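First up is the structure itself, then whatever we jot down about it.
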Amino acid sequence: MAFREVSVVQVKEVLRRWLSGDGERPAARAVGIARTTARNYIRAAMELGVDRSGGEGQLTDELIGQVCERVRPHRTDGHGEAWRTLVAEHKQIKKWVDDDLTVVKIGILLARRGIEVPHRTLARFCVERCGAGRRKPTVRVDDPPPGRELQVDFGRLGLVPDGAKRRVCHALIFTACFSRHMFVWPTFLQTTEEVIAGFEAAWGFFAGVFPVVIPDNMSQIVTQAENTAPRFNDVFIEYAQSRGFVIDAARVRTPTDKPRVERIVPYVRTNFFKGEEFMDLADCRSRAETWCTQRAGMRVHGTTQLHPIESFRAEELALLLPHPGQPFDIPVWSTAVVHRDFHCETGKALYSVNYSLRGKTLRVRRDSQTVKFYLRGELVKLHPRKAPGQRSSDPADYPPGTDVYAMRDVESLVRRAGEVGPAVGTYAAALLDSPLPWTKMRQVYRLLGLAKKWGDARLEAACVRALEAEAIDVNLVSRMLERAREDAPGEERPGGGTVIQGRFARPASAFSSKKAGR
């Protein structure tokens, strides 16, 4: 398995679980990273002063960035030294796997040969390089405690009217593992936003949140399915963090990991959907909720021999987490390149970042209120969300000396001219006195350049004379300074020196073409 960078959301989830009392192994398994990786992030957080008694309020963006900076690995080939050690022993390990030796036994044999590697790395190597992992007999797992686990799956129902046409309708099915009480959310779409909407409807139906959710490897939740280390969607992890539940995804092609909901899918299709006529999707959803309460909820379950809704209300309802009243602000994660103008484009809007990041690729998180930019897990810029076509620029992001022109800050330009002299400031204001003042900014920059060339005092005197004559033209001021130098012999040069009269220099009359007396 190639090395992949642990996202900011995953780091926060590991620390959040650890603060809530989970150990290193459960936190790592839930997020889909190695236990040693989780330990490294937890140890870095402790070194930065994070304490379990302080609560989740300690997990600020700045702290997460500091933790990532301490831990983030740098690997050129995507694997560590332990993996490269196993590659050298590939032939022997493959033979042991073919002989049906367990990973633990292979680790013992390797240790006898003086090779010590982490168990998780060895397990991944055996699965990916040596073909380990044969199907095993199904072992019936006992039900979890009441109010603990909720299993989720997608199932295809059939065609439902959508305006003038009929569309394929799927259902997001939620089943409480202990009571078998269920909720069905019909939908036309299978997006992360629609899955979150289904979860929100489920929490409203159950009047609370289950602490553990066991979903299928649906792409809206699991972006990279894997038996040992699945990669979760950052948006859905944030949603789980906001609602307080943890994700324990089923393994790839392993329906036995979620048997409670797996057996419910055909039941929903045959008992609820088949033979019915629905007006539209809203009607289908309304009747599905009624069916879950009155029909499915009041049936006698074949295993528990109880009515699911009554068992749920008696055993599980009081144990659920409270449902937050406010809706979840669904974020969108993406990447953006910092362009030559120090701006990134995301959501069809432009946002500035520091000029030192030009050419870098940043991770971007935007919601309805803010846009955050991250570099290697560290928050580098925060902007308010802008509508498509708009721009948010911070003058502090520009290189020194370019912010005034870039931001069209004519007032700052007038103040800079006023520092040369009051008449220069007045003359600059007169130059900018236009319906489109930023189109005259270059003339003011040239006026300030004359101060560097001729000195503040001369430019001040020239501006005084130009203002008296009401001549607002920077080219005129330049000519005035040039003529003043020509008319004054021995005048100082712009650079500070003086014009020295040559020893053999002749007067101007010596070059006249007219002869004397004519």
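Each value in this text was obtained by applying a stated rule to the coordinates, not by laboratory testing. Quick caveat: nothing in here was measured; it's all calculated off a predicted structure. Because the Cβ atoms are built from the backbone with ideal geometry, glycine has one as well, and the counts that use them run over all protein chains shown.
Observations, loosely collected:
- Distance between modelled label sites at Ser368 and Arg156, nm, 7 Å Cα→Cβ extension: 3.5
- Region 260-321 shape via C-alpha gyration tensor axes, a/c threshold 1.5: prolate
- Amide H partners (placed H, <5 Å) of Asp162, local residues excluded: Arg167
- Karplus-derived HN-Hα couplings along region 163-177 (A = 6.51, B = -1.76, C = 1.60, θ = phi - 60°), whole Hz, x at Gly and Pro: x, 8, 10, 10, 10, 5, 10, 9, 9, 8, 10, 10, 9, 6, 5
- Taking each of Lys12/Lys258; Lys348/Lys386; Lys12/Lys386 in turn, the alpha-carbon distance tops 19 angstrom for Lys12/Lys258; Lys12/Lys386.
- Inter-probe distance in nm under a simple model that places probes 7 Å from Cα toward Cβ, at Thr293 and Lys105: 5.7
- Annotation for region 22-96: trypsin sites (Lys or Arg not before Pro) lying in DSSP loop with at most 11 further Cβ atoms inside 10 Å of their Cβ are Arg75.
- With a Cα cut-off of under 30 Å and a minimum spacing of 8 residues unless on different chains, the lysine pairs in region 48-195 number 7.
- Given +1 at the Cβ of Lys and Arg, -1 at the Cβ of Asp and Glu and no other charges, the dipole of the chain around its Cα centre is 1960 debye to the nearest 20.
- Under 16 Å of direct C-alpha separation, and excluding same-chain neighbours fewer than eight residues apart, Lys360 reaches these aspartates and glutamates: Asp341, Glu345, Glu378, Asp397.
- Loop-resident sites, region 191-279, for GluC sites (Glu not before Pro), counting at most 10 other Cβ within 10 Å (DSSP): Glu277
- Extending 7 Å from the Cα toward the beta-carbon at both Arg442 and Asn227 defines two label points whose distance is 6.8 nm.
- Whether region 81-130 is rounded, prolate or oblate, judged on the alpha carbon gyration tensor where a/c under 1.5 counts as rounded: rounded
- Pairwise FRET efficiency - Arg391 versus Leu319, Cβ, R0 = 35 Å, nearest 0.05: 0.10
- Label point at Ser412 placed 7 Å out along Cα→Cβ; residues across region 348-375 whose backbone nitrogen lies under 16 Å: 352-356
- Amide H contacts under 5 Å for Arg385, placed H, 5+ residues apart: Thr370, Val371
- Residues whose amide H comes within less than 5 Å of that of Gly208, counting only those at least five positions distant or on another chain, are absent (H built at 1.01 Å from N in the peptide plane).
- Shape category assigned to region 332-394 from the gyration tensor of Cα positions, a/c cut at 1.5: oblate
- Between region 47-65 and region 305-326, the alpha-carbon center distance in angstrom: 33
- Per-residue [θ]222 nm for the chain (sum of -39500 (n - 2.57) over DSSP H runs n ≥ 4, rounded to 500): -11000 deg cm²/dmol
- In plain terms, the chain from Arg358 to Phe328 could stretch by 7.5 nm, reckoned as 0.36 nm per residue minus the Cα-Cα distance.
- Of every Cα-Cα pair in region 149-319, the percent that sits beyond 30 Å: 14
- Furthest towards positive pole of dipole, Ala88, Val364, Ser311, structure part the chain, Cβ charges: Ala88
- The rule of thumb for compact globular proteins, 2.2 N^0.38 Å, goes into the C-alpha radius of gyration of the chain 1.54 times.
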